[in-house]
Amino acid sequence: MCGRTFCAIDPVLLQKSCQYADPATGKLVTPDWVDPPTGDSYHPSYNIGPTTFTPVLLSTAHHSSDQSGKRTLQPMRWGLIPQWHKGDRASFKAMHNNCRGETISEKSTFSVPFSKGKRCVVIAEGFYEWQTVGSKKIPYLFTKKESHVKEEKVAPGEVKTDSSPNRLLADSKNTGENNQPVAATKPLLFMAGIFDVCKCQDGPLYSYSIITTEAVGAVGKVHHRMPVILETDEDVARWLSFKDFPSSKVKDLITGRDCLESHQVTDKVNNVRYQEPDCPLPLPTKSMLEKNLSKGDLRNWFSKPDASKPKSELTEQACEPTKRKLKPDDDKEPILKYLKKE
């Protein structure tokens with residue numbers, strides 16, 4: 001399953017990160033951004049849970065008669081609400097944040113939008129999953145395999161472009177030399193999803209569900225389910241092109257892909273309200289500590305005070321850096337110095 005994701009990219013940078021080759025010209029094209037008709041919006045977050053609006057790629061043909069294979073970025077509600085639902089969104093209690101790929105054609109909630117070509121690609125930097133060990137649940141973050149972060153100087157607001165999507169860590173805490181932004185070559189995750197549109201009281205509500213399958217690779221060591229990952233732009237194009245590729249011709253994409261890597265993260269992510277930047281960061285491991293701190297440093301840090309020296313001497317040594325020579329008037333009260341000047 002997939003119950004928590006991570007996407008902290010600014011909308012403008014996200015558009016540039018989702019550039020794709022135009023089918024007709026081969027030139028890089030930036031997808032248009034379309035705001036939800038309900039007035040909801042996407043807010044970058046390090047810890048995203050269901051019912052949140054997150055960025056989703058879909059074919060422009062869903063909004064117009066354009067059949068050129070163009071793509072649109074649109075925030076949608078995570079947790080599919082079927083088109084037949086009437087009334088307020090809060091009144092729909094079922095949680096459809098995931099859809100099992102094996103039974104997608106059996107349950108009407110999912111089979112109807114799937115058969116009608118309502119396919120989308122859910123974008124994230126990674127997703128969280130929990131491993132059950134005894135009575136504990138240990139959180140892990142999953143990202144693209146063999147990903148790495150490389151510092152390079154880029155102009156503020158500029159995004160490095162190559163064959164795979166990249167993101168810019170524009171947060172002030174993620175800066176390199178001379179306070180320059182750090183460009184990360186960690187590719188985005190593109191997860192297969194389906195969406196539907198219901199007529200709620202505040203307008204047409206777009207919502208989606210992430211398709212899951214049996215876990216393989218790194219995910220299989222932590223959990224038995226994983227999202228369906230679309231590895232290449234060709235996979236993404238097939239999944240979105242519902243006119244050229246009906247549902248029967250994309251079922252081969254609904255399978256587990258061994259393309260992810262993971263690291264353990266802070267258990268603070270267990271609470272979806274925890275939104276701090278340390279959510280996706282790896283926990284310090286023993287090897288990391290040994291690399292940054294020598295054993296001698298650790299011994300000095302935890303060593304006991306020298307018992308042969310009197311406490312007064314130890315206290316005097318500890319305070320040594322704060323000592324300074326007093327000036328003649330330093331021992332007088334400030335008010336007296338003020339009156340003296342008057």
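Worth a mention:
- Qualifying residue in segment 115-124 (condition: under 18 Å from V222 (Cβ atoms) and either small (G, A, S) or outside any strand (DSSP E or B) (or both)): yes
- Considering segment 126-140, and only residues there that are hydroxyl-bearing (S, T, Y) and buried (at least 21 other Cβ atoms within 10 Å of the Cβ), the residue that is nearest to the chain's Cα centre (by Cα) turns out to be Y128.
- Pick from segment 103-125, criterion closer than 24 Å to L260 by Cα and of a type in the set (D, E, K, R), ranking: surrounded by the most Cβ atoms within 10 Å (Cβ to Cβ): R119
- Members of segment 197-247 that are open to solvent by less than 10 Å² (accessible area, probe 1.4 Å) and in contact with a Cys (Cβ under 9 Å, 6 or more places away or on another chain): L205, S207, Y208, S209, I210, I211, T212, M226, P227, I229, W239, L240
- Residue satisfying condition, being without any contact (Cβ under 8 Å) to a residue 40 or more places away in the chain, of a type outside the set (A, V, I, L, M, F, W, C) and open to solvent by 20 Å² or more (accessible area, probe 1.4 Å), within set H43, H96, H62: H43
- Checking P55, P37, P75 one by one, the residue that is under 22 Å from D196 (Cβ atoms), in contact (Cβ under 8 Å) with a residue 40 or more places away in the chain, part of a loop (DSSP other than H, G, I, E, B) and not aromatic (F, W, Y) is P37 and no other.
The values are calculated or read from the model by the stated rules, or taken from the named source; none is laboratory data. It should be emphasised that the depicted structure is a prediction, and the values quoted were computed from it without experimental measurement. For neighbour counting, all protein chains shown are included, and Cβ atoms are generated from backbone atoms with ideal geometry for every residue, glycine included. Note: areas computed on protein heavy atoms with side chains; ligands, DNA, RNA excluded. Shrake-Rupley method; radii C 1.70, N 1.55, O 1.52, S 1.80 Å.
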